[in-house]
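Report on the following structure.
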Amino acid sequence: MWLRLSNPLPNQLPKAYRQPENLYEALFVGQLNKAKGIVWLAKNWQKFNQLLISNGLPTARLTIVGDGQDKNKIDSLAAKDENIKIIGRVDSAEVSSYLKKADVLLVTSFCYENWPTILTEAAINSCPAIATSHGGSGELARRLGYQTFTAGNLMSLFEAWQKTHQQLKNDCLVKDNDVSESTEGYLNKILNNLN
């Protein structure tokens with residue numbers, strides 16, 4: 001028998017997400033390496049903005065928070081695109097402040113994630129998100145009411161962006177309430193199943 005346990009969270013998730021008027025400010029938080037999809041995203045951000053414009057949507061700015069082995073490559077790509085801003089490494093309190101300012105978080109991992117903490121942090125901070133559809137990222141994103149897309153597929157990301165935009169306009173981001181639990185509840189589930 002398998003026991004499904006959500007990650008314990010110190011905070012409860014909000015009843016509803018913030019409803020930005022438009023998706024102007026996108027945010028990436030994580031390691032700056034190819035596996036996390038940020039190199040692909042930065043390379044394609046101008047094309048993505050062209051897709052937005054050609055479909056009557058406003059351009060978006062991408063803020064990148066993090067550090068890693070591909071930081072120099074990201075710096076080089078950002079130097080060619082005025083809509084990309086690199087912040088670098090910050091502490092967890094600062095991550096929360098960036099999530100509170102962002103219109104949407106992008107989780108672009110090519111690798112299979114277990115249960116990406118950044119998605120629960122986005123939910124805690126009432127920030128809408130779009131994540132890759134595979135592995136734990138996709139499962140958690142769907143349970144949180146977020147849209148998903150196929151990793152490395154710009155058109156799939158654009159379609160998820162459009163759906164998120166429409167959900168926000170219709171005030172209908174819906175999440176599963178069984179996504180998180182208190183640390184005490186988490187430990188009790190473990191202890192009760194040791195028998």
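Nothing in this text is a laboratory measurement; each read-out follows from the coordinates by a stated rule. Just so it is clear, the structure is predicted and the values come from calculations on it, not from any experiment. Glycine gets a Cβ as well: all are built from the backbone with ideal geometry, and neighbour counts include every protein chain shown.
Things worth noting here:
- Amide H within-cut-off set for V107, under 5 Å, with H built and near neighbours excluded: I130, A131, T132
- The packing ranking of peptides 131-139, 97-105, 161-169, 82-90, highest mean first, is 131-139, 97-105, 161-169, 82-90, where packing means the average number of other beta carbon atoms within 10 angstrom of each residue.
- Evaluated over the range 63-152, the count of Lys pairs having alpha-carbon atoms less than 18 Å apart is 5 (only pairs 8 or more residues apart or interchain).
- Per residue, the Cα convex hull of the range 25-192 amounts to 114 Å³.
- By other beta-carbon atoms within 10 Å, ranking V95, V107 with the fewest at the front produces V95, V107.
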